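The values are calculated or read from the model by the stated rules, or taken from the named source; none is laboratory data. Since the structure is predicted, the reported quantities are computational estimates derived from the model, not experimental observations. Because the Cβ atoms are built from the backbone with ideal geometry, glycine has one as well, and the counts that use them run over all protein chains shown. These accessible areas exclude ligands, DNA and RNA; they are computed on the full protein's heavy atoms, side chains included. Shrake-Rupley method; radii C 1.70, N 1.55, O 1.52, S 1.80 Å.
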Amino acid sequence: MTILVTGAAGFIGSNFVLDWLAQSDEPVINLDDLTYAGNLENLASLDGDARHIFVKGSIGDFDLVSKLLAEHQPRAVVNFAAESHVDRSIHGPEDFIQTNIVGTFRLLEAVRAFHGQLEKTAKNEFRFLHVSTDEVYGSLAKDDPAFTETHQYEPNSPYSASKAASDHLVRAYHHTYGLPVLTTNCSNNYGPYHFPEKLIPLVIHNALAGKPLPIYGDGQQIRDWLYVKDHCSAIRRVLEAGKVGETYNVGGWNEKPNLDVVHTLCAILDELSPRADGKPYKELITYVTDRPGHDRRYAIDATKIERELGWKPAETFETGIKKTVQWYLDNQAWVANVTSGAYQNWVGKQYCA
Amino acid sequence: MSNDLVGKLSVVIVNYGTPELTLKCVDSILKLGIAAVDDITVVENCSPDDSKSKLLSSLPNGAGFVVAKQNLGYSAGVNFGSLHAKRDYILVLNPDTYFVDRSISQALDLLVVDSGIGLVGLDLTYPSGKRQYSARRFYSVLDIIGRRSRLGRFWPLREIVAKHMMLSAWERDAPFDADWVMGTGFLIRRALFEKIGRMDESYFLYMEDVDLCARVWGEGFRVICMPNVRLIHDHQRSSSAGPLSGAGKMHLASLKIFWQKYRIPLFCPPGVKRISRT
Ligand SMILES: NC(=O)c1ccc[n+]([C@@H]2O[C@H](COP(=O)([O-])OP(=O)(O)OC[C@H]3O[C@@H](n4cnc5c(N)ncnc54)[C@H](O)[C@@H]3O)[C@@H](O)[C@H]2O)c1
């Protein structure tokens, strides 16, 4: 048996593949278009491993996906491929519409055709797992209850709107065509191989370089944080035991204001990699104008997946964030590799204007 | 002649430091419709240069890409890539080759109708059109002296060399049995390749093709060569630099391994039946 994983050169997808092959011998076909966010170096530890084959290409390429499905006959497709960075979606929503909506649609079409011609057992056992975000639910006020799976979709950014649209398509392919789908909506991830445009790796990266640590607005945007490996174990669990057609919230039970996250990171860095001049890292914090439509709070109620599938995160924020900082300290070569010219331009445009 | 090659062949190309050539080879396969893009697997055999990023940015979408952990030699690279071959026949190509026509379909046709053929060697040709005579007899000691030294130019060695290179067989312009064909470009039945244990990875470079053909014969299948089934081989002949060059040394090391595995007579070319495993 084989699984097809899309977007597996990205942050979460590559962690998923590494963890998958650490606990199973089932081969993985990795379909990724290698956008700025895709980096095959994330999977360098799989060099020489015949269980992983990389195929460059887009989920939106119907012919290519159809051929891959016919050739490899996967028992499941796990869809990570997406444009994933909210800030980028504000500057240029086009790619988000193309990949997240149109791309997912074409992928679904190819999978539907493939699924339609499978024989009975294979057809029943096949799964299409769509990886989505809690941002589709919109923003919460300070004391609102956390999002449950039945919360209305109220996306506020082009990113979350495009993910919401893809979730709806996935749902529709189940109800209309009987495609055996599963959807997971997860809170903010952090951990190894996180591209340093996102808050946690950005702060670690800038702090180590002695650069300012940018905080949007008052830094009181609240997010729920989940260690990426917990997200991966949740996806494995849903793939294995999730009820077809259902959606599952995945979260870490770790609501934190961004400013607290940055303070925590500074404190860990003070301990693990103190600055040469002995000053605390938090002195590098600088406040920048908040971005438009910045949601105030996301919080996720992950009771259902625990109750129905027995999944719980293994890491607390404290243990996970420490592992993450340590990973970045141990993998500076990886960081240097991904922070190329294009990345520099992007960060410059975002935070220094 | 079959019009539809696509869907029958899996292609394996092992890249080592020649991304441009690899891309050119892949390009020719796709342009001529020899195989579908998703039936091509490119092995990045841990090149010391920027092969990996070059290939990733320029390989056509859909081609399989696998990366070796370290360069364990050409055979190991082929084996690694062949694990992803799904079709009935595997086409193994050096990166410094490319197609200029679809004559390979004749080779495929022959493999399909004649189940006794296990492996087909292609007619390797320099870009100038000059033939490389890519089918050989098994080596005798004299062949090696003849090919490896200046003595090869003089009679009687010259005739022995001509025999070793099977020059007369080519003149008939028809498929002929060969003791072995060069591993630069060949077609093999996938089931057979898997059954005989793929390439022998104890050879780093050179002789792995001789060894493979010996095992194909040993399994009761024929090895044939097909004149005019053209594959351009833009070959910088590194191993002709003499026995003490790097390539020459590697060749001799491979010969040693071969000699340990098989008994080779001193003077007459052994022929298919006379070569035996020790
Ligand atoms: N990062 C988070 O905190 C988070 C939280 C919840 C859900 N998600 C979702 O998880 C998924 C993965 O997120 P990530 O953080 O790993 O993102 P990422 O940006 O790091 O990786 C996305 C990957 O998809 C690839 N890709 C982009 N467009 C493609 C296309 N058209 N075809 C094939 N591949 C394409 C990219 O090359 C990249 O490798 C996304 O769907 C995202 O919405 C992320």
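Quick notes
- Taken over region A:52-77, the residue count meeting the criterion of being in a loop (DSSP other than H, G, I, E, B) and either within 16 Å of the ligand (Cβ to nearest atom) or under 23 Å from the mean Cα position of the chain (by Cα) (or both) is 7.
- Residues in region A:117-143 that are more than 12 Å from the ligand (Cβ to nearest atom), free of Cβ contacts under 8 Å to residues at least 60 places away in the same chain and either assigned to a strand (DSSP E or B) or of a type in the set (Gly, Ala, Ser) (or both): A:122, A:128.
- For region A:45-57, a residue qualifies if it is farther than 19 Å from residue A:192 by Cβ and more than 7 Å from chain B (Cβ to nearest Cβ), and exactly one does: A:51.
- Residues within region A:296-317 that are of a type in the set (Asp, Glu) and open to solvent by 50 Å² or more (accessible area, probe 1.4 Å), tallied: 2
- Among the residues of region B:55-73, the one identified as within 7 Å of chain A (Cβ to nearest Cβ) and assigned to a helix (DSSP H, G or I) is B:56.
- None of A:99, A:104 is more than 14 Å from every other protein chain (Cβ to nearest Cβ), open to solvent by less than 30 Å² (accessible area, probe 1.4 Å), within 12 Å of the ligand (Cβ to nearest atom) and assigned to a helix (DSSP H, G or I) except A:104.
- Test: residue A:46 is open to solvent by less than 10 Å² (accessible area, probe 1.4 Å) and either modelled with pLDDT of 95 or more or within 13 Å of the ligand (Cβ to nearest atom) (or both): no
- Residue in region B:3-16 that is of a type in the set (S, T, N, Q) and open to solvent by 50 Å² or more (accessible area, probe 1.4 Å) present: yes
- Residue check, residue A:89 open to solvent by less than 10 Å² (accessible area, probe 1.4 Å) and at pLDDT 95 or above: no
- Some residue of region A:109-131 being in contact with a Gly (Cβ under 6 Å, 6 or more places away or on another chain), modelled with pLDDT of 95 or more and buried (at least 17 other Cβ atoms within 10 Å of the Cβ): no
- Every residue from region B:195-208 that is closer than 13 Å to residue B:78 by Cβ and in contact (Cβ under 8 Å) with a residue 40 or more places away in the chain: B:198, B:199, B:200, B:201, B:203, B:204, B:205, B:208
- Selection of first residues in region A:302-329 that are at positive phi and of second residues that are surrounded by 15 or more Cβ atoms within 10 Å (Cβ to Cβ), restricted to Cβ pairs under 8 Å at least 6 apart or on distinct chains, gives the following pairs, ordered by first then second residue: A:310/A:237.
- Positions within region B:74-117 being polar (S, T, N, Q) and part of a loop (DSSP other than H, G, I, E, B), in sequence order: B:94, B:103, B:115
- One residue stands out among those in region A:254-295 that are among the β-branched types (Val, Ile, Thr) and loosely packed, with under 14 Cβ neighbours inside 10 Å: the one that is modelled with the highest pLDDT, which is A:286.
- Taking region A:236-290 as the region of interest, none of the strands (runs of 3 or more DSSP E) fully inside it holds 3 or more residues being of a type in the set (S, T, N, Q), within 27 Å of residue A:132 (Cβ to Cβ) and out of contact with any helix residue (DSSP H, G or I) (no Cβ under 9 Å at 6 or more places or on another chain).
- Any hit, region A:139-150, residues being among the hydroxyl-bearing types (Ser, Thr, Tyr), out of contact with any strand residue (DSSP E or B) (no Cβ under 6 Å at 6 or more places or on another chain) and surrounded by 21 or more Cβ atoms within 10 Å (Cβ to Cβ): no
- Scope region B:17-49; condition of a type in the set (S, T, N, Q), under 24 Å from residue B:70 (Cα atoms) and either outside any loop (DSSP other than H, G, I, E, B) or open to solvent by less than 10 Å² (accessible area, probe 1.4 Å) (or both); matching residues: B:22, B:41, B:45
- Residue selected from region A:5-34 under the condition within 12 Å of chain B (Cβ to nearest Cβ) and within 13 Å of the ligand (Cβ to nearest atom), by the criterion nearest to the chain's Cα centre (by Cα): A:9
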